[in-house]
Amino acid sequence: MNVSRIALVTGVAASSVLLLSGTAFAHVSVQPQGEAAKGGYATVNFKVPNERDNASTVKLEVSLPADHPMASAMPQPIPGWKAVVTKSKLAKPLEVHGKQITEAPSKITWTADGGKIGPGEFQQFPVSLGRLPEDADQLVFKAIQTYSNKEVVRWIEEAKEGAAEPESPAPVLKLSAAAEDEHGAAATGASAKDAKNAKDAKNAGHDEDMKSEAASDSDSDTTARILGIVGILVGVAGVAFGVLAGRRRSA
């Protein structure tokens, strides 16, 4: 094997090690199910990978953004896990659907209750959130991951614009443009489609009524013509009968 071939093999091996090490260290992240529109409600998944070969993840704590408090945070039940929502008093009350909210969810804690995230596995923790702020492009959720060997990993570092991703980045939820309807663009589209279908059905019914009325008018006109012709024939027959009768009397 010549020198250039040895260098090539060594380079490929080194690249493979870097690639594998890069994919092995994933971090806690958050993604919406569908869309997370400003001013609306959304269901999001906190994805938690297990990065250890000798321990399991047994606890996850997610802090909700204090600078953009939300009135509602409802975790979806997960078999083998217990979820607890912690609320905190607000410095400035929120107004939701005409009501004043003086406290809001500040943290969600999932604790293993017969479940776990084993080595080489991940778990998703779905949460319904709302209402999302209208004056922000993203929300930062700081997370703390605890392993069965008591190791704690803090995913709390916020990325700075123009800088490299931090070693332990906090999960970030990107918000999309506000929908016309607070329940989301899909609901608005469905409403518009329903309205169009109703209008089309109404127009179709109107057209059928017009056709039925036209057919009825046509039938009435035909009947009138037939009756008119019959009347004329009866009249002619009557005149003819009268003439013949008069001639017989004269004879």
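The values are calculated or read from the model by the stated rules, or taken from the named source; none is laboratory data. Keep in mind that what you see is a predicted model, and the values were worked out from it rather than measured. Every residue, glycine among them, receives a Cβ derived from its backbone with ideal geometry; neighbour counts consider all protein chains shown. To get the accessible areas, we keep the full protein, side chains included, count just its heavy atoms, and leave off ligands, DNA and RNA. Shrake-Rupley method; radii C 1.70, N 1.55, O 1.52, S 1.80 Å.
Data for the structure
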item	result
Checklist (1) assigned to a loop (DSSP other than H, G, I, E, B); (2) at pLDDT 95 or above applied to Ala178, failing item	(2)
Any hit, the stretch 87-98, residues being more than 21 Å from Lys174 (Cα to Cα), assigned to a loop (DSSP other than H, G, I, E, B) and not basic (Lys, Arg)	yes
Inter-residue pairs, beta-carbon under 7 Å, first farther than 14 Å from Ser88 by Cα and in the stretch 100-123, second assigned to a strand (DSSP E or B) and modelled with pLDDT under 95, 6+ apart	Gln100/Pro93
Selection from the stretch 85-133 of residues that are out of contact with any strand residue (DSSP E or B) (no Cβ under 9 Å at 6 or more places or on another chain) and within 16 Å of Ser63 (Cα to Cα)	none
Number of positions in the stretch 111-144 that are buried (at least 16 other Cβ atoms within 10 Å of the Cβ) and in contact with an Asp or Glu (Cβ under 8 Å, 6 or more places away or on another chain)	4
Qualifying residue in the stretch 81-94 (condition: touching a residue at least 40 places away in the same chain (Cβ under 8 Å) and farther than 21 Å from Gln31 by Cβ)	no
Any hit, the stretch 36-50, residues being under 21 Å from Arg154 (Cβ atoms), open to solvent by 30 Å² or more (accessible area, probe 1.4 Å) and not in a loop (DSSP other than H, G, I, E, B)	yes
Residues located in the stretch 56-94, provided they are at pLDDT below 95 and over 22 Å from Val140 (Cα atoms)	none
Odd one out for Ala26, checked against (1) under 17 Å from Ala170 (Cβ atoms); (2) modelled with pLDDT of 95 or more; (3) open to solvent by 20 Å² or more (accessible area, probe 1.4 Å)	(2)
Scope the stretch 152-167; condition over 30 Å from the mean Cα position of the chain (by Cα) and surrounded by 12 or more Cβ atoms within 10 Å (Cβ to Cβ); matching residues	Val153, Arg154, Pro166
Residues being open to solvent by 50 Å² or more (accessible area, probe 1.4 Å), over 20 Å from Ser106 (Cβ atoms) and either of a type in the set (A, V, I, L, M) or in contact with a Phe, Trp or Tyr (Cβ under 6 Å, 6 or more places away or on another chain) (or both) - total across the stretch 53-91	0
